[in-house]
Amino acid sequence: MTERALQTVSPSTSHDFGIVRRTDDGGPFPIPGLVADFLHMRVKEGSKIRNLLRFATARMHGEGKDKHGRPPRQVVFTGSDRGLTKTVTCVEILKRKVEGLHQVSKLYYKTVNEVLDGSQDRAPGRTVQRTVPAICILLSKDPLNPQEPGYQPPQSASVPTHSTWICKTSLRPPHCPTPPKKLCTEK
């Protein structure tokens with residue numbers, strides 16, 4: 001890619017160009033061992049988290065079936081560029097809504113082609129190729145290979161919450177001006 005092509009998408013000249021169309025390389029998922037009928041959730045910068053989660057949660061709880069009449073056992077969230085953090089947020093929320101999900105996460109780079117529309121007849125239809133960070137996260141109801149890089153086991157239910165702690169006020173001498181401290185111990 002030429003230095004000039006990189007300059008056309010920089011913030012200083014972004015007012016001169018608008019992105020008309022964006023395509024990516026659409027390569028294979030970087031996670032081995034995916035089942036044939038997994039649920040694929042594409043997370044983009046403008047995606048609404050509540051909509052993505054409503055759909056994914058309903059499918060993972062059995063509402064909606066695959067072509068064999070079964071609910072999906074695996075869901076793959078993919079996101080890139082400015083949709084990366086939204087992808088991770090969706091995964092973390094879904095793991096709390098659907099218990100016992102195994103996870104494999106892969107970070108990689110993908111190539112994106114952007115067709116730019118130039119204002120004032122400057123470089124109409126110019127195509128710029130960019131390499132952007134991307135993430136692919138598999139959540140599975142079935143056990144996955146724990147030796148796979150990026151593997152995380154299901155979250156245990158033994159994580160302490162506020163209700164599992166007993167808080168007691170510690171004793172303090174009567175002449176001490178500071179308020180008493182709370183001593184919390186696990187139940």
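The values are calculated or read from the model by the stated rules, or taken from the named source; none is laboratory data. Not measured: the values here are computed from a predicted model. In this analysis, Cβ positions are derived from the backbone assuming ideal geometry, glycine residues included, and neighbour counts consider all displayed protein chains.
Within segment 103-127, being within 19 Å of residue 74 (Cα to Cα) and either at pLDDT below 90 or loosely packed, with under 15 Cβ neighbours inside 10 Å (or both) holds for one residue alone: 107.
Being under 22 Å from residue 137 (Cα atoms) and at pLDDT below 85 is the requirement here; does residue 32 meet it? For residue 32, the condition - under 22 Å from residue 137 (Cα atoms) and at pLDDT below 85 - is met. In the set (1) at pLDDT 85 or above; (2) surrounded by 14 or more Cβ atoms within 10 Å (Cβ to Cβ); (3) under 17 Å from residue 138 (Cα atoms), the condition left unmet by residue 47 is number (3). Exactly one residue out of 130, 82 is assigned to a helix (DSSP H, G or I) and modelled with pLDDT of 70 or more: that is 82.
Does segment 92-103 contain any residue that is out of contact with any helix residue (DSSP H, G or I) (no Cβ under 9 Å at 6 or more places or on another chain), β-branched (Val, Ile, Thr) and touching a residue at least 12 places away in the same chain (Cβ under 8 Å)? No: zero hits.
One line per residue, one yes/no per condition, for (1) over 27 Å from residue 154 (Cα atoms); (2) at pLDDT 95 or above; (3) touching a Ser or Thr at 6+ places or on another chain (Cβ under 8 Å); (4) not in a loop (DSSP other than H, G, I, E, B):
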position: 53; (1), (2), (3), (4): no, yes, no, yes
position: 58; (1), (2), (3), (4): no, no, no, yes
position: 76; (1), (2), (3), (4): no, yes, no, yes
position: 86; (1), (2), (3), (4): no, yes, yes, yes
position: 94; (1), (2), (3), (4): no, yes, yes, yes
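If the condition is being more than 18 Å from residue 100 (Cα to Cα), out of contact with any Gly (no Cβ under 7 Å at 6 or more places or on another chain) and crowded, with 16+ Cβ neighbours inside 10 Å, then segment 50-89 contributes 52, 78, 79, 80, 83, 84.
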